Amino acid sequence: MIYFSQFFVFWETDAVPPIIESASEDAPKTFDFSVLRTLRKRAGLTIGEVSRRSGVSQAVISKLERNQTSGELATLFCISRAFNMQVADLLALVETRTAQRGEESGHSADGFTFREIRYAAVRALVGEARAGARLSKPEVHQDDYEVCWLLRGQVRILLPHEQHVLAAGQCLQFDAIWEHTYEVLEDCQLLILHLRKPKRF
């Protein structure tokens with residue numbers, strides 16, 4: 001028996017799901033579906049066994065593994081069940097198999113000069129400043145962790161209820177949403193990372 005929800009179709013555990021025969025022929029360049037072959041071999045399954053478990057035809061699974069097609073969400077949902085995975089986890093694997101190339105940008109603020117690269121879950125800034133420079137909350141922050149790694153010089157970091165003096169080779173992690181100030185005690189070079197927190201809900 002088939003059950004319909006707002007977005008997905010569910011089958012009773014003992015029922016045999018209908019075979020899905022089609023998938024999109026225009027595979028987005030940002031996805032690499034060959035990860036399905038890796039998952040299948042790790043599980044010790046044949047394409048036929050994945051097909052029986054998921055209800056997706058062997059032809060579609062074979063094309064996906066060779067990146068000759070891309071799966072619709074319903075197809076990937078069915079395949080994820082064959083590997084006892086959430087479809088969101090499968091999509092994450094498919095997306096992260098492809099490298100993402102970027103370009104640096106730069107800006108200056110209150111005596112600091114920064115070079116920056118940015119991706120969805122991380123930002124990295126290499127900064128330099130002369131002694132005496134002072135910068136409060138260097139960037140507009142979301143709910144991130146901030147890591148400061150001092151490469152050269154000496155810096156004091158002021159937080160709401162504490163302060164830390166870092167020398168070259170030392171680092172500090174804190175909640176980036178806190179008010180914080182960088183005070184340069186000696187000419188410095190530092191690396192600042194903003195790491196996106198996992199979703200809490």
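Mind checking which residues of region 152-170 are surrounded by 15 or more Cβ atoms within 10 Å (Cβ to Cβ) and either farther than 18 Å from residue 134 by Cβ or touching a Lys or Arg at 6+ places or on another chain (Cβ under 9 Å) (or both)? Hits for region 152-170 are 166, 168.
From the list 51, 108, 62, the one residue that fits, being outside any loop (DSSP other than H, G, I, E, B), among the hydroxyl-bearing types (Ser, Thr, Tyr), under 30 Å from residue 146 (Cβ atoms) and without any contact (Cβ under 8 Å) to a residue 40 or more places away in the chain, is 108.
In this entry, residue 185 is excluded by the filter for residues that are at negative phi, in contact with a Leu (Cβ under 8 Å, 6 or more places away or on another chain) and not in a loop (DSSP other than H, G, I, E, B).
Examine region 81-102 for a residue that is in a strand (DSSP E or B) and either modelled with pLDDT of 95 or more or more than 19 Å from the chain's Cα centre (by Cα) (or both), and state whether such a residue exists. So far as region 81-102 goes, no, none of its residues is in a strand (DSSP E or B) and either modelled with pLDDT of 95 or more or more than 19 Å from the chain's Cα centre (by Cα) (or both). Out of all the residues in region 129-146, which are buried (at least 17 other Cβ atoms within 10 Å of the Cβ) and within 17 Å of residue 194 (Cα to Cα)? Listed by number, the residues that qualify are 135, 138, 139, 144, 146. When restricted to residues that are assigned to a strand (DSSP E or B), over 23 Å from the mean Cα position of the chain (by Cα), of a type in the set (A, V, I, L, M, F, W, C) and at pLDDT 95 or above, region 115-158 contains 6.
When residue 115 is tested against the conditions (1) free of Cβ contacts under 8 Å to residues at least 40 places away in the same chain; (2) surrounded by 15 or more Cβ atoms within 10 Å (Cβ to Cβ), the lone failure is (2).
The values are calculated or read from the model by the stated rules, or taken from the named source; none is laboratory data. These figures come from a predicted structure and were not determined experimentally. Heads up, the Cβs are rebuilt from the backbone with ideal geometry, glycines too, and the neighbour counts pull from every protein chain shown.
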